[in-house]
Amino acid sequence: MKAAVAIKVASRISIKSIFNHVNSIAVIKPISQKVIEMDSPTEITESDIDVVIQGLLSNNANTISGNIEGQDKFGTGPVLSAYWAMMHTDMVSSLKAVNGFIQVGQYPSQRNILGSEWGAVNSVRFLISSLGSKTENASMLGATVYNTLITGLQAYAYIEQDGYSSTFVYRPPMYSDPLAQNSSVGYKMACCPIITNDLWIFNLRATL
């Protein structure tokens, strides 16, 4: 496995750009060893994930979650203190094929597990979303490239502007519809998402 790392400085991002403008932060590109029809990047591997872990450790990034100690339960395994990764749902099959992958149902304890959590590889726990970042026709052979953001503790945050955070707004039918048939629900917010330390967040780029 070979990997190329590129780092650029980013100061502020919008909510959407946490996924969509991932090329402004650290990038790990797994490169195939295949001789025939070699693509770049290729599918995600344990070695690629280890490169990211080593990069975060070298940059003194703290892990986000603690250890889940092993227990005497059949088919389970301990989970290390971990960084967190945000991954597109299309990558689920590729993730399951990674050596050392532990499905979330195989954790020794099911406490403090997020609803979107899918599993772990070494010191990284993966969250999945259909809104995850991907770039069409971006690989050397024109395949879709998926961007998996792997982050340490306090790598990004958001700042409330003028002390104004999110507000839930509900209007009953009497006020939102002339015939009082429909109600409306929404929210409004004013905040500024930022990357607090570029060295504590990596983008692992891979194809299926």
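What the phi angles of the stretch 175-189 give under the Karplus curve with 6.51, -1.76 and 1.60, with θ = phi - 60°, is a coupling list of 10, 10, 9, x, 9, 6, 9, 10, 9, 10, 9, x, 8, 9, 7 Hz, glycine and proline written as x. Computed packing ranks the peptides 127-136, 40-49 as 40-49, 127-136, most packed first, by mean other Cβ atoms within 10 Å.
Using a/c under 1.5 as the rounded threshold, could you call the stretch 86-161 rounded, prolate or oblate? The axes a ≥ b ≥ c are square roots of the C-alpha gyration tensor eigenvalues, and prolate needs a/b larger than b/c, oblate otherwise.
Cα axes put the stretch 86-161 in the oblate bin.
Taking amide H atoms as placed 1.01 Å from N in the peptide plane, the amide H of residue 124 lies under 5 Å from those of 83, each 5 or more residues away in sequence or on another chain.
Taking θ as phi - 60° and the Karplus parameters 6.51, -1.76 and 1.60, the scalar couplings of the stretch 125-142 work out to 10, 9, 9, 10, 7, 5, 9, x, 7, 8, 10, 5, 6, 9, 7, 4, 9, x Hz in sequence order, x denoting glycine and proline. First check a/c for the stretch 158-207, with a ≥ b ≥ c the square roots of the eigenvalues of its C-alpha gyration tensor; if it is under 1.5, answer rounded, and if not, answer prolate when a/b is larger than b/c or oblate otherwise. Oblate. Take each peptide in 169-175, 99-105, count the other Cβ atoms within 10 Å of every residue, and average; sorted highest first, the result is 99-105, 169-175.
Here the simple spin-label model places points 7 Å from the Cα toward Cβ, and for residue 185 and residue 103 these points are separated by 3.3 nm. Residues whose amide H falls under 5 Å from that of residue 87, counting only those 5 or more places apart or on a different chain, are 127, 128, 129, with hydrogens built in the peptide plane. By the Stokes-Einstein formula, at 1.002 mPa s and 20 °C, the stretch 108-151 with its Kirkwood radius over alpha-carbon pairs has D equal to 171 µm²/s. Spin-label model, residue 57/residue 74: points 7 Å from Cα along the beta carbon direction are separated by 3.5 nm.
Taking the stretch 41-57 and a reference point 7 angstrom along Cα→Cβ of residue 93, the backbone N atoms nearer than 18 Å belong to 42-45.
Of the peptides 138-147, 82-91, 69-78, the ranking by mean beta-carbon count within 10 Å, highest at the top, reads 82-91, 138-147, 69-78.
3J(HN,Hα) along the stretch 166-173: 5, 10, 7, 10, 10, 10, x, x Hz, from the Karplus curve 6.51 cos²θ - 1.76 cosθ + 1.60 with θ = phi - 60°, whole Hz, x for Gly and Pro.
Laboratory data are not the source of any read-out in this text; all were calculated from the coordinates shown. All values reported here derive from a predicted model rather than from experimental measurement. Cβ sites come from the backbone with ideal geometry, for glycine too, and all protein chains shown count toward neighbours.
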